[in-house]
Amino acid sequence: MTPAYRFSDIKSVRDALAAVGYLCDDAIATVLYLAERLQKPILVEGPAGTGKTELAKSLALALSSRLIRLQCYEGLDESKVLYEWNYRKQLLRIQVERNEEDAGREAHHDEWRRIEGDIFSEEFLLTRPVLEAIRADDPVVLLIDEIDRVEIETEALLLEVLSEYQVSIAELGTVRARQIPPVVLTSNGTRELSEALKRRCLYLYLDYPSQEREREIVISKVPEISERLADEVVRVIGLLRSLDLQKHPSISETLDWARTLIVLGIEHLDEAATSSTMNILLKYREDIDRAQRELLGHASKPRA
Amino acid sequence: MLDVLSGFVDELRASGLPVSVTETIDAADALSVIPLDDVAAVRACLSTTLVKSADHEVAFGRVFDLFFSRRGLPGIPSAEILIETESPDVEEIFVPGRLSGNRRAIDPRELRERARRALASGDEELLTQTAQQAVELYGSVESARPVGVAYYLQKTLRALDVESILSQLLADARSGTEPGERIGGDAMHDNLVRSELMRHADALREEIRREIARLLVDERGAGAVARSMRRPLVEDLDFMHASADDLVAMRRAIYPLARILASRLAHRRRHRRRGPLDIRATIRRSLSSGGVPLEPRFRRPHPSRPEIFVLADVSGSVSAFARFTVHLVYAIAEQFSNVRCAVFIDGVDEVTGIFRRAASIEEAIAEVGAKADVVDAHGHSNYGSAFRLFAQRYGPSLTKKTNLIILGDARGNYHSGESEILQSLRRRAHRVFWLNPEPRSYWGTGDSIIGEYAPHCDGVFECRTLRQLKDFVDRLA
């Protein structure tokens, strides 16, 4: 069976995402296109606030699929990633069985086996996001957010799913996928992911956008902004990102800043406006000092 | 195409990138579903399947340019030609094509004007064109010279005189003759324009470098050029021999590195062992299993954080290394209960206060260079006298929780080593480590007295690259 591809070429990916308000460049579109053709998960890394999670959300929207999201955190384990047995229900089932026995029936020798087969059936299985994604009947997109937060052992749990699209359940056997959904994993790079995981994924590094693309994003997300102010905003952001700061302003911070300027009724950037709203863009005191100096300080001799 | 791919992968591996066989197969699969005449798509396709770390992106780009990008050959997957430049007939078809296509004489004045516009606007296409023409005009390959991109790059940049164009543009921006909207007052406008010009100039330099590399590929073949351009990855660069550009790249690598280290150290400390039983949480948990405490819960352990005292040799030969190490230690300072730092040449001075006061680590390091009183008599490292002074002044403050980290090449300029002082320091401290930025094979040669000190340390490590430094810090906490 040849799966029906939902994207016919690279350009169609870009158009589909643009239609739901995500402006992506060719590299991003190519990776998404390949992910569908090769049926491989995408590992997205990059600085915070460059639209990694947004990419998965927009992809789901563009494919009119349901987004299943697994937010990772330290201590996340199998029972929250794949599946868990509903033991309350199992206990209840056993209870009912015992009551029937008390009511007079002779306990049968192979009664236990029957109950065991009974309580470890799909009826008593609680599916967690990853299992749910591969067993869903409707189209879904699976987002595994901030995979770098889980321990390396939990990461290993995902390997089987991501390469074979199946889950092995000890009592039940192997559960195969009803569909192979697009999978997006995001990482903020707080630790190196394992080689095994990286090998199985397509890799996408989402960097800060080019000045031009960022201007488009600002204009599309903050429609009330004037072209000129949008231009000024991205130019200042460009300078800030070229500095050696602890934390560079992200796209979401650019948008916040643009919205703030609109709310404050600022039509053109000047020293006062920039300086008083800098704290929206930069979150460290040293960074703000540095930026003030580089942006507003008096022209020193040009750097060679 | 498969031959091209495997040649490409070989070169990536030679540059230090880990590329597995499955990834190569993925790349081949991926190439089969995209249009091969679209260089950008081919690039995205190879990068996403073969390169799994942002740090390797630069090295990938360099190799990709050599193997795949070709100007003026639309519609032809150029790599297939490029890789086989050894076979003479291909070369014949290929090289003249390039020459005849660009034979038109270029007027230097016109080129200068074009460069001016490219730098002012930062327009990618214009930058690329400028780079092509500049290389065409000034960077003609001399067949007798060994393959070396840097040489031609310098030659072209000098001839084009980018510096004077930049200063003129800046002057124009100041006086307001340059069209375009002004932002804010003079200072802000000036700063913005200057920053943009600098970035455009960097882009132009990069374009010219790529263009020269392509030209050299035509002459010598991709393999030869790639070999000559092979550069170690940032984490494998040697502290002692790094160029100015390398140092910048390494400094940029420190923050992400520190973040990874810090989160790993914090995580490991929390998980190393279990704390005492948490009765309340255990009982709460037991409610869901009918009151039977199936899963015991434990409190999180709070082991004490180690204390660090860094003693760094800042004499000329090893100062770059000391700067990096101190930088890294301070970037993860929250992971330690206390970080102190002293620097020495032949005198010793504590510089902890400078770090606490300064706004950024860079500033602090600059201030240390200017203020620390580290020269006692001669201005050459004297480990013996430095240790003696250190023991006198700071010895009493070392405790059983202190990790003393000594940074230096142990080249004592034939002064007496006085290793018994180090021995006494070790008795006071928890552990003593020595990080030596020299290759292990040089240890003990000439005036190196690392052998004399080694028995009095808990560990002596060769530490020439960021990777080795990272491994050490990882071991420490």
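Which of the helices (runs of 4 or more DSSP H) contained wholly in the stretch B:1-71 include at least 2 residues that are more than 7 Å from every other protein chain (Cβ to nearest Cβ) and under 26 Å from B:Ile212 (Cβ atoms)? Break it down into steps so the answer makes sense when it comes.
Numbers: elements: B:2-14, B:21-31, B:39-50, B:57-67.
It comes to B:2-14, B:39-50, B:57-67.
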Quiz item: What number goes with the only condition from (1) surrounded by fewer than 16 Cβ atoms within 10 Å (Cβ to Cβ); (2) closer than 30 Å to B:Phe298 by Cα; (3) modelled with pLDDT of 70 or more that B:Ala244 does not pass?
Solution: (2)
Exercise. Identify all residues within the stretch B:28-60 that are of a type in the set (Gly, Ala, Ser) and free of Cβ contacts under 8 Å to residues at least 60 places away in the same chain; write none if there are none.
Key: B:Ala28, B:Ala30, B:Ser32, B:Ala40, B:Ala41, B:Ala44, B:Ser47, B:Ser53, B:Ala54
Quiz item: Does A:Arg176 satisfy the condition of being without any contact (Cβ under 8 Å) to a residue 60 or more places away in the chain, of a type outside the set (A, V, I, L, M, F, W, C), within 14 Å of chain B (Cβ to nearest Cβ) and within 21 Å of A:Gln39 (Cα to Cα)?
Solution: no
Self-check item: Residues located in the stretch A:15-30, provided they are among the aliphatic types (A, V, I, L, M) and either at the interface with chain B (Cβ under 9 Å from one of its Cβ atoms) or touching a Cys at 6+ places or on another chain (Cβ under 6 Å) (or both)
Solution: A:Leu17, A:Ala27, A:Ile28, A:Ala29
Quiz item: So which residues in the stretch A:197-239 are closer than 30 Å to B:Ile25 by Cβ and free of Cβ contacts under 8 Å to residues at least 40 places away in the same chain, if there are any at all?
Solution: A:Arg199
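Among B:Leu160, B:Leu192, B:Leu204, B:Leu216, which is within 14 Å of another protein chain (Cβ to nearest Cβ), crowded, with 20+ Cβ neighbours inside 10 Å, more than 21 Å from the chain's Cα centre (by Cα) and at pLDDT 75 or above? Explain how you work it out, then say what you get.
On the way: B:Leu160 fails: within 14 Å of another protein chain (Cβ to nearest Cβ); B:Leu204 fails: within 14 Å of another protein chain (Cβ to nearest Cβ); B:Leu216 fails: within 14 Å of another protein chain (Cβ to nearest Cβ).
Of B:Leu160, B:Leu192, B:Leu204, B:Leu216, the one residue that is within 14 Å of another protein chain (Cβ to nearest Cβ), crowded, with 20+ Cβ neighbours inside 10 Å, more than 21 Å from the chain's Cα centre (by Cα) and at pLDDT 75 or above is B:Leu192.
Residues are listed down the side, and each one gets a yes or a no for (1) of a type in the set (A, V, I, L, M); (2) more than 12 Å from every other protein chain (Cβ to nearest Cβ):
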position: A:Leu32; (1), (2): yes, no
position: A:Lys57; (1), (2): no, yes
position: A:Leu67; (1), (2): yes, yes
position: A:Leu82; (1), (2): yes, yes
position: A:Tyr87; (1), (2): no, no
Quiz item: So which of A:Glu84, A:Glu123 is surrounded by 11 or more Cβ atoms within 10 Å (Cβ to Cβ) and modelled with pLDDT of 85 or more?
Solution: A:Glu84
Quiz item: How many residues, within the stretch A:247-283, are surrounded by fewer than 17 Cβ atoms within 10 Å (Cβ to Cβ) and under 24 Å from B:Leu257 (Cβ atoms)?
Solution: 2
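The values are calculated or read from the model by the stated rules, or taken from the named source; none is laboratory data. The structure presented is a predicted model; accordingly, all values stated were derived computationally and were not measured. We place every Cβ from the backbone using ideal geometry, glycine too, and count neighbours over all the protein chains shown.
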